[in-house]
Amino acid sequence: MNFLKYTSYLYLAFGIYFLYDGYTKWNTAETPFLSFIIAGLAIFMFFFRRRFAKKFEDRNKQP
């Protein structure tokens, strides 16, 4: 279960990658909108997973 704390950072890494991908597509003739949508979703999932993990941890600490 300890590895689940670190999997949320994979979402952050994917978000940063797709932001970079969208930026490079923005400077060319390609459409970058799908890359920006995926990046936004990945960053949202990063914060959602962190919040959910914190709630789950707090629930286990209560007597």
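Taking every alpha-carbon pair under 8 Å whose residues sit at least 6 apart, the chain reaches a relative contact order of 39 percent.
Pop the C-beta distance of Tyr6 and Phe33 into the FRET formula with R0 = 22 Å and round what comes out to the nearest 0.05. Before the final figure, lay out each step's value.
Working: r = 30 Å, r/R0 = 1.37.
FRET efficiency, Tyr6 to Phe33: 0.15.
Filter the chymotrypsin sites (Phe, Trp or Tyr not before Pro) in the chain to those in DSSP coil with at most 10 other Cβ atoms within 10 Å of their Cβ, and list the result.
Values: sites: Phe3, Tyr6, Tyr9, Tyr11, Phe14, Tyr17, Phe18, Tyr20, Tyr23, Trp26, Phe33, Phe36, Phe44, Phe46, Phe47, Phe48, Phe52, Phe56; in loops: Phe3.
Within the chain, the qualifying chymotrypsin sites (Phe, Trp or Tyr not before Pro) (loop, at most 10 other Cβ atoms within 10 Å) are Phe3.
Every number in this text was worked out from the coordinates using simple rules, so none of it is lab data. The model shown is predicted, which means the values in this text are computed figures rather than measured ones. Methodologically, a virtual Cβ is constructed for each residue, glycine included, from the backbone with ideal geometry; neighbour enumeration extends over all protein chains shown.
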